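Notes follow once the structure below has been shown.
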Amino acid sequence: MPKFSVVISVYNKQGYIGKTLDSVIAQTFQDIEVVILNDGSTDNSEAEILPFTQDPRIRYFSEKNQGAAAGRNYAIRKANARYIALLDADDYWYPEHLSEINRLIVKYPEEMVFATKSEVLKNGIIFKRHYSIDIGAKTELLTNFFEASYLDSILHSSTTVFKKEVFEAIGYYDTALKSSEDTDLYVRIGLYCQIVFSSKVCVSYNVIKSSLSHTSKKVSDKADFSAYENFEKDNPALKKFLDLNRYSLCLLAKLEGNDDAFKENFKKIDLKNLSKKQIFLLKQNATTLKFLFKTKESLQNLGIRLSVFK
């Protein structure tokens, strides 16, 4: 049995999936299998995948389109290894990613979830991740997910490795969600265990237009976190994390013109968990917000990334 099962669900990633798979094959840690699901792609993704199937470690499956959550669940259930390494079909790993994860596993054998640091690649510009914990000169740390993720999440679908029994304990991706299924899963993980997090950048998260076009912009398609409200009362870190996500839902509701969704999410927020700039944004009308978001995009194209909008 391999040490890691690398699971990849592919939907229309022509021009990217080849580089993603190259990054897996180039890992310095080679005790792996790769489980690839072609989730009903309508482009030439399959043609890019098939040459890699000559490698006996690569197991290829093709099904009709099920959606991101169901596709990942399918690939995870096909995995043979105890350690499940997630990878999106348009991101790529630096050669030492799995070696670094293995180092963490050896050092923290009783822990359940492991992750390395990532960087964001957008329009040819690299952005650093910013977390709400002080990593400093540490090579790794054992940390609370919520306390560490008020800015950028320390977990991402291309940085994270789970013991397979985690899914048996907390459940798989919620297939009812068309968007934010990752965040919903991470909340359950944060309630279940701590995270072993490496400060070494081992993953490049690629922001591409095709990915953005498949991201739902409707509040109704996203997690509302109502299932976790009872846990907030005794968990201030969870409360703040969820309030920051509700803040994002409020902004989306304003842009969508959904007054009911705005009111429903706003009434649950403790404003002490937001910054003055975030509260200011919540008071703006949709026209102003659209202008500010366009300004944000322009600044990102110049290499300036603003976290206040998150």
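The values are calculated or read from the model by the stated rules, or taken from the named source; none is laboratory data. None of these values were measured; they are calculated from a predicted model. Here the Cβ positions follow ideal geometry from the backbone for every residue, glycine too, while neighbour counts run over all protein chains shown. Each accessible area value is taken on the protein alone, full model and side chains, heavy atoms only, with ligands, DNA and RNA left out. Shrake-Rupley method; radii C 1.70, N 1.55, O 1.52, S 1.80 Å.
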### The one condition in (1) of a type in the set (Val, Ile, Thr); (2) in a helix (DSSP H, G or I); (3) open to solvent by less than 10 Å² (accessible area, probe 1.4 Å) that THR53 fails to fulfil
(3)
### Task
Using the structure shown, decide if ARG59 is under 16 Å from THR159 (Cα atoms) and either of a type in the set (D, E, K, R) or part of a strand (DSSP E or B) (or both).
no
#### Entry: Entirely in the stretch 191-302, the helices (runs of 4 or more DSSP H) that have 3 or more residues that are under 30 Å from LEU21 (Cα atoms), at pLDDT below 95 and of a type in the set (S, T, N, Q)
209-213
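Yes/no per residue for (1) touching a His at 6+ places or on another chain (Cβ under 6 Å); (2) basic (Lys, Arg); (3) under 28 Å from SER179 (Cβ atoms):
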{"position": "PRO2", "(1), (2), (3)": "no, no, no"}
{"position": "GLY18", "(1), (2), (3)": "no, no, yes"}
{"position": "ALA26", "(1), (2), (3)": "no, no, no"}
{"position": "PRO51", "(1), (2), (3)": "no, no, no"}
{"position": "ALA69", "(1), (2), (3)": "no, no, yes"}
{"position": "ARG77", "(1), (2), (3)": "no, yes, yes"}
### Message
Please go through the stretch 46-78 and give me each residue that is touching a helix residue (DSSP H, G or I) at 6+ places or on another chain (Cβ under 8 Å) and among the aliphatic types (A, V, I, L, M), ordered by number.
### Response
ILE49, ILE58, ALA68, ALA69, ILE76
#### Entry: In the stretch 1-50, residue farthest from VAL106 (Cα to Cα) [restricted to those that are assigned to a strand (DSSP E or B) and either of a type in the set (Val, Ile, Thr) or in contact with a Cys (Cβ under 7 Å, 6 or more places away or on another chain) (or both)]
VAL10
### Task
Output the strands (runs of 3 or more DSSP E) that fall wholly within the stretch 70-134 and possess 3 or more residues being surrounded by 19 or more Cβ atoms within 10 Å (Cβ to Cβ), or say none.
83-86, 113-122
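Inspect the stretch 161-174 for any residue being in contact with a Gly (Cβ under 7 Å, 6 or more places away or on another chain), under 19 Å from ASN73 (Cβ atoms) and at pLDDT 95 or above and give the result as yes or no.
Taking the stretch 161-174 and keeping what is in contact with a Gly (Cβ under 7 Å, 6 or more places away or on another chain), we get none.
Taking every residue of the stretch 161-174 in turn, none turns out to be in contact with a Gly (Cβ under 7 Å, 6 or more places away or on another chain), under 19 Å from ASN73 (Cβ atoms) and at pLDDT 95 or above.
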### Query
Picking from ASN144, ASN123, ASN102, which residue would you name as being modelled with pLDDT under 90 and among the polar types (S, T, N, Q)?
ASN123
### Test for ASN44: is it polar (S, T, N, Q), closer than 24 Å to TYR172 by Cα and modelled with pLDDT of 95 or more
no
